[in-house]
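Accompanying notes for the structure given below.
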Amino acid sequence: MTRLAVAGTLFAMHPAYLDAWLKQNTLEAIMPTSVQQLVAAFGRGPAEAANPDPIREGATAIVPIRGMIGPVGMGARTETNVLAERIRSLAADPKIGAIVLDIHSPGGYVFGTQEAGDAIYEARASKPVVAVANTYAYSAAHWLATQASAFFATPSGEVGSVGVRSGHVDQSGLEEKLGLKTTLIASHPDKIAGHSYGPLADEDRAWLQALVDEYNGNFVAAIARGRGISVAQVANIHGTGKTFSATKAAANGTIDGVMTLRDVVAKYSSSRARLSLMKRQAAVAEAMAGI
């Protein structure tokens with residue numbers, strides 16, 4: 001993937017984490033290759049362990065969702081297509097009575113999040129899927145968590161940062177200082193819309209805003225579906241970009257309560273608790289169908 005953020009790349013990610021990620025990757029992108037290799041050699045630490053297979057405790061499968069979320073090939077730690085297939089596999093496994101999503105993520109790309117969220121929502125038809133912000137579930141991670149049968153946060157946890165963001169980097173000033181000038185040649189102006197070698201044109205800004213609005217609409221609709229509320233209620237309950245402590249989120253109705261991962265696993269390992277949750281889920285679905 002390109003190391004520079006380009007117009008049209010859509011993020012559902014906590015702004016502080018996204019800004020840090022963009023700065024790091026933009027600086028790396030403009031370094032000469034030799035300098036990049038030198039920095040990589042000095043900065044290389046021990047290899048990070050891959051996400052483990054879900055840990056099964058009795059009939060409960062724990063699925064970790066860690067770090068940046070996105071599709072394969074985009075540098076994400078939690079790859080949405082892999083996550084979706086894992087959820088579908090567990091949903092179809094008769095030995096698994098409940099699925100617990102153990103979430104510690106600032107969010108990530110919009111791309112792939114809707115499909116992974118759909119897989120989580122569909123799994124609810126066969127068994128409880130319980131999300132836990134352990135310790136935080138922001139933006140795309142919040143999107144995924146709201147598709148579960150129930151959503152909790154640990155006592156020191158946070159949730160929220162609902163919304164979609166994109167942007168534009170004008171590199172023309174930097175190129176001028178370096179004595180460079182880029183000329184783009186394309187089959188049609190649309191092929192270079194929002195390019196980074198000059199200011200963002202008004203028509204390209206409008207195009208980018210329309211993309212952000214469209215995908216944010218999908219985000220809001222998914223929350224409404226997953227939580228059994230109307231689209232109009234989403235902003236008041238889940239916010240429009242701000243984050244909430246576990247206690248505040250529980251008071252708002254953003255989440256279903258404050259519980260540690262250990263407590264959630266213990267609770268939903270009980271067949272009676274699973275049945276109760278599925279009955280409540282069915283009642284909410286019936287109420288929503290009547291709206």
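The values are calculated or read from the model by the stated rules, or taken from the named source; none is laboratory data. All values derive from a computational prediction rather than experimental measurement. Note that we place each Cβ from the backbone using ideal geometry, even for glycine, and neighbour counts take in every protein chain shown.
Looking only at residues that are out of contact with any His (no Cβ under 7 Å at 6 or more places or on another chain) and touching a residue at least 40 places away in the same chain (Cβ under 8 Å) in segment 181-195, which one is nearest to W207 (Cα to Cα)?
Among them, the one singled out is A193.
Could you tell me how many of the residues in segment 155-192 are within 25 Å of P128 (Cβ to Cβ) and exposed (fewer than 12 other Cβ atoms within 10 Å of the Cβ)?
Residues flagged as within 25 Å of P128 (Cβ to Cβ) and exposed (fewer than 12 other Cβ atoms within 10 Å of the Cβ) within segment 155-192 amount to 1.
Within segment 125-141, can you find the residues that are under 16 Å from G228 (Cβ atoms) and buried (at least 24 other Cβ atoms within 10 Å of the Cβ)?
Hits for segment 125-141 are V129, V130, A131.
Report those helices (runs of 4 or more DSSP H) wholly inside segment 193-291 carrying at least 3 residues which are modelled with pLDDT under 85 and either farther than 26 Å from K95 by Cα or within 17 Å of the chain's Cα centre (by Cα) (or both).
It comes to 271-289.
Is it the case, given these coordinates, that L38 is part of a helix (DSSP H, G or I) and either modelled with pLDDT under 95 or more than 25 Å from A266 (Cβ to Cβ) (or both)?
So L38 fits the description; yes.
Conditions (1) of a type in the set (D, E); (2) touching an Asp or Glu at 6+ places or on another chain (Cβ under 7 Å); (3) crowded, with 24+ Cβ neighbours inside 10 Å, marked per residue:
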| position | (1), (2), (3) |
| --- | --- |
| E79 | yes, no, no |
| L90 | no, no, no |
| G97 | no, no, no |
| V110 | no, no, yes |
| A123 | no, no, no |
| A145 | no, no, yes |
| A153 | no, no, yes |
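Need a quick list: strands (runs of 3 or more DSSP E) entirely within segment 109-165 having at least 3 residues that are aliphatic (A, V, I, L, M) and touching a strand residue (DSSP E or B) at 6+ places or on another chain (Cβ under 7 Å).
In segment 109-165, 129-138 are the strands (runs of 3 or more DSSP E) which contain 3 or more residues that are aliphatic (A, V, I, L, M) and touching a strand residue (DSSP E or B) at 6+ places or on another chain (Cβ under 7 Å).
Among the residues of segment 197-208, count how many are within 13 Å of S166 (Cα to Cα) and surrounded by 13 or more Cβ atoms within 10 Å (Cβ to Cβ).
Count: 5.
Being among the small types (G, A, S) and in contact (Cβ under 8 Å) with a residue 40 or more places away in the chain is the filter here; which residues of segment 117-136 pass it?
G117, A133
Which of the residues that make up segment 124-160 are more than 16 Å from N218 (Cβ to Cβ) and either of a type in the set (S, T, N, Q) or touching a Lys or Arg at 6+ places or on another chain (Cβ under 8 Å) (or both)?
Within segment 124-160, S126, K127, P128, N134, T135, A148, S149, F151, T154, S156, G160 qualify.
Going by what's in this entry, would I223 be described as over 30 Å from K248 (Cβ atoms) and β-branched (V, I, T)?
So I223 fails the test.
With respect to D202, is the statement that it is without any contact (Cβ under 8 Å) to a residue 40 or more places away in the chain, of a type in the set (D, E), out of contact with any Phe, Trp or Tyr (no Cβ under 6 Å at 6 or more places or on another chain) and under 18 Å from D170 (Cβ atoms) true?
yes
Okay, residues lined up against (1) acidic (D, E); (2) free of Cβ contacts under 8 Å to residues at least 12 places away in the same chain:
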| site | (1), (2) |
| --- | --- |
| V220 | no, no |
| R227 | no, no |
| G239 | no, no |
| S245 | no, no |
| A251 | no, yes |
| T254 | no, no |
| D263 | yes, yes |
| S270 | no, yes |
